[in-house]
Amino acid sequence: MAEGPIRRLDAEDDLAACLDLAQDRSWSREEDKWRLLFDIGAVYGLDDREHGGLAGTVVSTPYGKVVSAISMVLVARRHERRGLGGRLMRHALEERETVSACLTATEYGRVLYERLGFRAVGQCTSYTGELSELTEPRIETLPLTPADIADVVELDTDVFGAPRDELYRRLPSFCEDFRVVRDGAGRLAGFGGAWSNGDHLLAGPVIARDASTAIGLVETLLHTTRPVRLDVDDRHPFLGEWARKRGLTASFGTTLMEYGEPLETDPSRMFVPVMQALG
Ligand SMILES: CC(C)(COP(=O)(O)OP(=O)(O)OC[C@H]1O[C@@H](n2cnc3c(N)ncnc32)[C@H](O)[C@@H]1OP(=O)(O)O)[C@@H](O)C(=O)NCCC(=O)NCCS
């Protein structure tokens, strides 16, 4: 075989090859995102023995024993359609110690995941561009402080349905901005982050108890003249309307998929994922 056994990768030795592989598939070289994934998940890869570098990757990020978020399913163009994607996915599923798995599928991956037993549970549309108008955010938000973390994790666990403490320990330094909203009684009404993938400033996560808090967070987090991206779960069409009204374009669609036990995520309070790779 031109490719070796699947092995666990580490950031120090393998990050550069992961970025090269992503670029081969016309994905951005998202170094900070890969570092985050290396920190909190298991990154697996196949060496390309013939050409050097990596023939394929997959990342599995576990949230307790509940669900693993699968991401960065990449196979080098020259190895496409020879079963490597399936092999990497089966490995990630076998190695996981959680009852479920979830992912956000591109059109390339969807059929492959369906064959492995994943079910489509929703659709997502990614809006990109520069905002044509910057309106003053309609709500007051506060920068995250260490004293907020426990409340943030509690709300996230309640809404997402799995413990993501480790992710939230790492997110404040990963995000460029992270904000919370508190109500008159001091209770956490919502929170959100913004991070850069090199090309765009993305909003995510946005978790809130109602739509007006969510839109206020998005307006605050994306209050910029830089290119932005907003991944809109089609269950929240008002976010897509907000994006279109401000000149953003629907640039691609993805499918939210689950495997194993159904997740107990509450879509009514889950407005924007942390990122597609992490749910
Ligand atoms: C998706 C991907 C990982 C599949 O890898 P692979 O090694 O070709 O996958 P396998 O050989 O195990 O399975 C092949 C299946 O993938 C899909 N697929 C692979 N290449 C495709 C292409 N160029 N166009 C459409 N579908 C494609 C098809 O369903 C195909 O099944 P088929 O050959 O019976 O039609 C690879 O195409 C890739 O890296 N794509 C770019 C990045 C991406 O979109 N990743 C998925 C993220 S969710």
Ranking Ser60, Ala162, Gly192 by how far each Cα lies towards the positive end of the charge dipole of the chain (+1 on Lys and Arg Cβ, -1 on Asp and Glu Cβ), the top one is Ser60
With +1 at each Lys and Arg Cβ and -1 at each Asp and Glu Cβ, the charge dipole magnitude of the chain around its Cα centre, to the nearest 20 debye, comes out at 640 debye
Taking the chain and counting helices only, DSSP H stretches of n ≥ 4 at -39,500 (n - 2.57) each over all residues, the nearest-500 ellipticity at 222 nm comes to -9500 deg cm²/dmol
Label model pair Ser132, Glu94: point-to-point distance (7 angstrom along the Cα→beta-carbon line) in nm is 5.3 nm
Any GluC sites (Glu not before Pro) in region 95-195 that lie in a DSSP loop and have at most 10 other Cβ atoms within 10 Å would be Glu97, Glu133, Glu140
Whole-Å distance linking the alpha carbon centroid of region 41-98 with that of region 205-279 is 26 Å
Given a 1.4 Å probe, the accessible area of the chain per residue, as a whole number of Å², is 45 Å²
Tilt, helix 165-174 to longest principal axis of the chain (alpha-carbon atoms), in degrees rounded to tens, equals 80 degrees
hull vol. (C-alpha, convex hull) per residue for the chain, Å³ -> 116 Å³
Note on region 127-272: the mean projected area of its alpha-carbon convex hull, in nm², is 8.8 nm²
The answer for trypsin sites (Lys or Arg not before Pro) in region 58-148 that fall in a DSSP coil and have at most 10 neighbouring Cβ atoms within 10 Å is Arg81
On the accessible surface of the chain, probed at 1.4 Å with all protein chains in place, carbon and sulfur together account for a percent value of 47 percent
In degrees, nearest 10, the alpha-carbon axis of helix 11-24 is tilted away from the dominant principal axis of the alpha carbons of the chain by 90 degrees
Between the residues Ala214, His236, Gly247, the Cα farthest towards the positive end of the dipole of region 127-272, that dipole coming from +1 and -1 charges on the beta-carbon of Lys, Arg, Asp and Glu, is from Gly247
Pseudo-spin-label distance Glu80 to Thr225, built 7 Å along Cα→Cβ, given in nm, is 3.9 nm
Quick calc, region 127-272, dipole around Cα centre from Cβ unit charges on Lys, Arg (+) and Asp, Glu (-), nearest 20 debye, gives 380 debye
Volume per residue (Å³) of the convex hull spanned by the alpha carbons of region 3-98 is 86 Å³
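The values are calculated or read from the model by the stated rules, or taken from the named source; none is laboratory data. As the structure is a prediction and not an experimental result, all values here were calculated from the model. Ideal geometry is used to build each Cβ from the backbone, glycine not excepted, and the neighbour counts take in all protein chains shown. These accessible areas exclude ligands, DNA and RNA; they are computed on the full protein's heavy atoms, side chains included. Shrake-Rupley method; radii C 1.70, N 1.55, O 1.52, S 1.80 Å.
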